[in-house]
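Just below is one structure, and these are the notes that go with it.
The values are calculated or read from the model by the stated rules, or taken from the named source; none is laboratory data. The shown structure was predicted, so the numbers you read here are calculated from the model rather than taken from an experiment. For neighbour counting, all protein chains shown are included, and Cβ atoms are generated from backbone atoms with ideal geometry for every residue, glycine included. Just the protein is used for accessible areas: all its heavy atoms, side chains included, with ligands, DNA and RNA removed. Shrake-Rupley method; radii C 1.70, N 1.55, O 1.52, S 1.80 Å.
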Amino acid sequence: NCLVYSKNKTALTITRVDKVEETLRNLNDAPTSLDTRPDMGYTIYYNPLTKGIIPKHDYNKANIHLNDENLVYVNDQELIRAGYIPVRPGTRNGKLHRWRWGINTFLKRIEEIEFEEIKDGYSVSFKQSGFNAPKNVLNFGSGTAEVKELFDGTKLFDFPKGIKFLSRLVNIGTESDSIILDFFAGSGSTAHAVLKTNAEDGGKRKHISVQLPEPTDKKSEAYKFGFANIAEISKERIRRSAKKIQEEYPDFDGDLGFKVFKLDSSNIKRWEANFDTLEADLINAVDYIKQDRTNEDILFELLLKYGLKLTVPIETRTIEGKTVYSIGLGALVVCLDEDISMDAVNGIGALKEELKPEIMRVVFKDDCFEDDVVKTNALQTLKRYGIDDIKSF
């Protein structure tokens, strides 16, 4: 069973089976071109008088010409003399496309097919009577088999959720630009389903997958495969599924990447002075960044404190030997290196003139300048470039 909850029940598109109205969906609206699946570019012969429908693989696979529609198939003269009309998937953007179904699926669901005469021939559609209707979860296939296929036949996870089932939930419960949160990521099935659904319909959905680094059993296949915890399985599943989707949908140019974050305490040491340890506390306060933290750790904490999304574009530049992060096309500029010279400061000013953001904020570490004179001159120099929001920490 799948339990569904909503703050607003009118936002749900799931309905009872007996209340679902039949709709039609075009059969030749597959999102990929014919060269990805030549076997799905068969000809459908349709007789307008008898309503007869005959799909046929009538091309020579060895000599298929995907760049010439007239050479992809050979008309069956007997069918044409009997009143049948050959119907093809058609072209988009100058490229031949394929049917949404393979020929075997077409034959199984032939009773659902409908033809409509249009200007250039016929449009082929299938009855969609249950897209929003409940179905048996078992009918959506095995998630275990999907994970095994991705990981070279190794069973890494017990009872992972299936992609087809999750893709259905994504279809009926989200918009094309929604954010999908999976608070128990497990094998990463939800992220896989979101990426696949985007590839199928051109959506721009984003996914957030949360998983504790729960250790794997040392006797398990997952541990033998090299995964010390479940979170590592989640990450690798997303990587492999993205690669598979790119192979299956070569025309898809959407985002298949992801970032990994680990919840932790602040990178900056808290001031907790104690009378008995005051001298040591003061000495430690000089080095206020925790020793095991990187510049990237600090950078993303700054993003959170500025209220910026963690998915915002980040460009790394080198200016006078110093690493400078340009966030959101120059909306925020961060330099965390030490011994910053006036040449580097002028380089940051030049960056504003290049990127031309409406407002640029600049952040430095408090002890990053060569001396106090450079720090004072840096503030004045940046203001001459029109940068007034300058912070140090």
Quickly run through region 215-250 and pick out the residues that are open to solvent by 50 Å² or more (accessible area, probe 1.4 Å) and in contact with a strand residue (DSSP E or B) (Cβ under 6 Å, 6 or more places away or on another chain). Pro215
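Report yes if some residue within region 380-392 is loosely packed, with under 15 Cβ neighbours inside 10 Å, of a type in the set (Gly, Ala, Ser), under 23 Å from Lys305 (Cβ atoms) and in contact with an Asp or Glu (Cβ under 6 Å, 6 or more places away or on another chain); otherwise report no. Don't jump to the end; show me each part of the working.
Residues of region 380-392 loosely packed, with under 15 Cβ neighbours inside 10 Å: 380, 383-384, 386, 388-389, 391-392.
Remaining after also requiring of a type in the set (Gly, Ala, Ser): 386, 392.
Then keep just the ones that are under 23 Å from Lys305 (Cβ atoms); that gives 392.
Subset that is in contact with an Asp or Glu (Cβ under 6 Å, 6 or more places away or on another chain): 392.
Scanning region 380-392 turns up at least one residue that is loosely packed, with under 15 Cβ neighbours inside 10 Å, of a type in the set (Gly, Ala, Ser), under 23 Å from Lys305 (Cβ atoms) and in contact with an Asp or Glu (Cβ under 6 Å, 6 or more places away or on another chain).
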Enumeration of residues in region 302-316 that are open to solvent by 70 Å² or more (accessible area, probe 1.4 Å), outside any strand (DSSP E or B), free of Cβ contacts under 8 Å to residues at least 24 places away in the same chain and out of contact with any helix residue (DSSP H, G or I) (no Cβ under 8 Å at 6 or more places or on another chain): Leu304, Lys305, Pro313
Do we find that Tyr306 is under 35 Å from the mean Cα position of the chain (by Cα), modelled with pLDDT of 95 or more and aromatic (Phe, Trp, Tyr) in this structure? no
Which fully enclosed helices (runs of 4 or more DSSP H) of region 150-225 have 1 or more residues being under 18 Å from Lys243 (Cα atoms) and touching a residue at least 24 places away in the same chain (Cβ under 8 Å)? 163-173, 189-201
What pairs can you find where one residue is in region 368-387 and on the phi > 0 side of the Ramachandran plot, the other is open to solvent by less than 70 Å² (accessible area, probe 1.4 Å), and their Cβ atoms are less than 8 Å apart, with a gap of 6+ or different chains? Gly386/Lys352; Gly386/Met360
What do you reckon, is Asp264 farther than 30 Å from Thr91 by Cα, at pLDDT below 95 and open to solvent by 40 Å² or more (accessible area, probe 1.4 Å)? yes
Exactly one condition in (1) more than 30 Å from the chain's Cα centre (by Cα); (2) part of a strand (DSSP E or B) is false for Thr381; which is it? (2)
